[in-house]
Amino acid sequence: MEDKEYLCIIGPSGCGKTTLIKCIAGIIKPDEGEIYIDDRIVNDTPIQDRGIGYVFQEIALFPHMSVYDNICYGPFVKGLDISSAKNLINEILNMLELWDRVKDPPSILSGGAQQKTAVARALTSGSRLLILDEPLGSLDAKVRRVLRYELRRLVKDLGLTAIHVTHDQEEAMSIADRIVVMRSGEIVEIGTPLELYLRPKNLFTAHFVGEANFFIGDLLGEEDEGVKIDVNGNILYIPCKPSFEGKKVVLAIRPEFIIMKKTNGLKDAWRGMIEKITFLGSSLRFEVCTENDIMVIVKNPFSSEALGWRVGDRVNLVLSRDSLLLYPYPKEGLEKAISIE
């Protein structure tokens with residue numbers, strides 16, 4: 001990863017996210033491979049000498065110490081002069097707005113204030129690399145949304161590098177410079193949030209990050225600057241040429257890139273019927289079964305027009321050509337390729 005980058009790691013439960021960062025921190029010794037921090041191999045370097053601040057999911061504070069004493073603990077155990085570390089401590093207290101709580105014990109703090117204190121304690125030792133292991137997982141949704149932006153601002157303002165593990169994809173997409181997608185102990189793909197959402201290189205990434213429709217099709221041939229594909233009787237034109245061989249392909253498209261209309265006669269439209277409608281807050285999610293039994297997920301922004309749809313309505317679906325993603329059909333089959341198990 002790059003210096004001063006905010007990197008998020010996501011993946012299914014048990015894929016190895018926490019194991020990876022514990023290897024980086026020195027809590028677990030890797031079976032093979034080398035770990036570099038600042039271009040230096042640290043496999044045999046003790047935890048305390050790696051220059052890492054670690055924040056756990058379970059808020060770990062000393063209950064018998066005040067907020068201020070908890071924050072000063074890092075410099076104290078490192079043998080640093082508290083007075084020389086005072087500027088950094090004061091700066092972090094200001095940035096995290098903890099000055100009015102410095103005398104309080106952790107027991108009377110809210111969950112958000114406790115986690116802010118834990119972050120502050122990790123930073124006061126002068127660490128340049130901050131590792132965050134599900135730091136917001138135990139907090140309620142509203143506190144998480146506020147604190148995640150504060151964490152990013154803090155890291156950027158202090159010029160730190162951060163590795164943030166999370167199960168919350170919205171959290172990762174909103175604060176990360178880049179995201180690492182893991183599966184079964186391996187890194188599947190690395191990219192910016194936009195790259196992973198709009199142009200994922202891997203089928204698993206397309207499935208795991210956000211939501212996507214997948215259609216199995218057959219290449220019919222090239223046309224102009226693209227190709228024609230038969231999806232169970234529906235013909236689609238894709239304005240790109242595949243970089244792989246094979247006639248059998250997989251198409252993917254995000255639900256929000258499908259236009260749903262009542263108008264008949266739309267070019268290349270798929271006809272179908274709404275089978276289910278789910279209210280998601282800012283949008284409505286529709287499950288539409290086409291005339292040739294293809295289930296399609298469509299998402300429309302919350303509006304009076306979207307609220308007018310009803311289960312049983314006949315609709316026409318137009319798939320945005322520029323948003324269609326083309327993949328070779330996986331040898332292990334589509335279901336296994338995108339499985340999170």
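The values are calculated or read from the model by the stated rules, or taken from the named source; none is laboratory data. None of these values were measured; they are calculated from a predicted model. All Cβ positions, even for glycine, are placed from backbone atoms using ideal geometry, and neighbour counts span all protein chains on display.
Name every residue in the range 32-57 that is out of contact with any Leu (no Cβ under 7 Å at 6 or more places or on another chain), part of a loop (DSSP other than H, G, I, E, B) and surrounded by 10 or more Cβ atoms within 10 Å (Cβ to Cβ), in order of residue number. First the steps, then the outcome.
The first filter runs over the range 32-57 and keeps only residues out of contact with any Leu (no Cβ under 7 Å at 6 or more places or on another chain), leaving 32-36, 38-50, 54, 56-57.
Filter again for part of a loop (DSSP other than H, G, I, E, B), leaving 32-35, 38-39, 42-46, 50, 56-57.
Of everything in the range 32-57, those that are out of contact with any Leu (no Cβ under 7 Å at 6 or more places or on another chain), part of a loop (DSSP other than H, G, I, E, B) and surrounded by 10 or more Cβ atoms within 10 Å (Cβ to Cβ) turn out to be ILE35, ASP38, VAL42, ASN43, THR45, ARG50, PHE56, GLN57.
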With the structure loaded, tell me whether LYS29 is basic (Lys, Arg), out of contact with any Asp or Glu (no Cβ under 9 Å at 6 or more places or on another chain) and in a loop (DSSP other than H, G, I, E, B) or whether it fails that test. no
Counting only residues that are out of contact with any Asp or Glu (no Cβ under 8 Å at 6 or more places or on another chain) and among the small types (Gly, Ala, Ser), which one in the range 145-198 is farthest from MET95 (Cα to Cα)? SER184
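For every residue, the table says whether it meets (1) among the hydroxyl-bearing types (Ser, Thr, Tyr); (2) outside any loop (DSSP other than H, G, I, E, B); (3) within 29 Å of LEU219 (Cβ to Cβ).
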| position | (1), (2), (3) |
| --- | --- |
| LYS267 | no, no, yes |
| GLY272 | no, yes, yes |
| GLY281 | no, no, no |
| GLU287 | no, yes, yes |
| VAL298 | no, yes, yes |
| GLU305 | no, yes, no |
| VAL311 | no, no, no |
| VAL318 | no, yes, yes |
| LEU326 | no, yes, yes |
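On the given criteria, is TYR73 surrounded by 15 or more Cβ atoms within 10 Å (Cβ to Cβ), out of contact with any Asp or Glu (no Cβ under 8 Å at 6 or more places or on another chain) and either of a type in the set (Phe, Trp, Tyr) or not in a helix (DSSP H, G or I) (or both)? If you could, list the steps in order and put the result at the bottom.
On the way: surrounded by 15 or more Cβ atoms within 10 Å (Cβ to Cβ): yes; out of contact with any Asp or Glu (no Cβ under 8 Å at 6 or more places or on another chain): yes; either of a type in the set (Phe, Trp, Tyr) or not in a helix (DSSP H, G or I) (or both): yes.
Yes; evaluated as a whole, the condition is true for this residue.
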Against the definition (under 17 Å from VAL146 (Cα atoms), at pLDDT below 85 and buried (at least 19 other Cβ atoms within 10 Å of the Cβ)), how does LEU123 come out, yes or no? no
Among the residues of the range 193-213, is there at least one that is out of contact with any Phe, Trp or Tyr (no Cβ under 6 Å at 6 or more places or on another chain), surrounded by fewer than 18 Cβ atoms within 10 Å (Cβ to Cβ), free of Cβ contacts under 8 Å to residues at least 40 places away in the same chain and β-branched (Val, Ile, Thr)? no
Taking the stated definitions as given, is PRO301 within 28 Å of the chain's Cα centre (by Cα), over 21 Å from PHE214 (Cα atoms) and of a type outside the set (S, T, N, Q)? yes
Hey, does the range 77-91 have a residue that's surrounded by 12 or more Cβ atoms within 10 Å (Cβ to Cβ) and not in a helix (DSSP H, G or I)? yes
For SER138, the lone unmet condition from (1) at pLDDT 90 or above; (2) in a loop (DSSP other than H, G, I, E, B) is (1)
Taking the range 138-166 and keeping residues surrounded by fewer than 18 Cβ atoms within 10 Å (Cβ to Cβ), more than 20 Å from ASP177 (Cα to Cα) and touching a residue at least 12 places away in the same chain (Cβ under 8 Å) leaves SER138, ASP140, VAL143
The range 273-297 - residue that is of a type in the set (Val, Ile, Thr) and in contact with a strand residue (DSSP E or B) (Cβ under 6 Å, 6 or more places away or on another chain) and, of those, surrounded by the fewest Cβ atoms within 10 Å (Cβ to Cβ): THR278
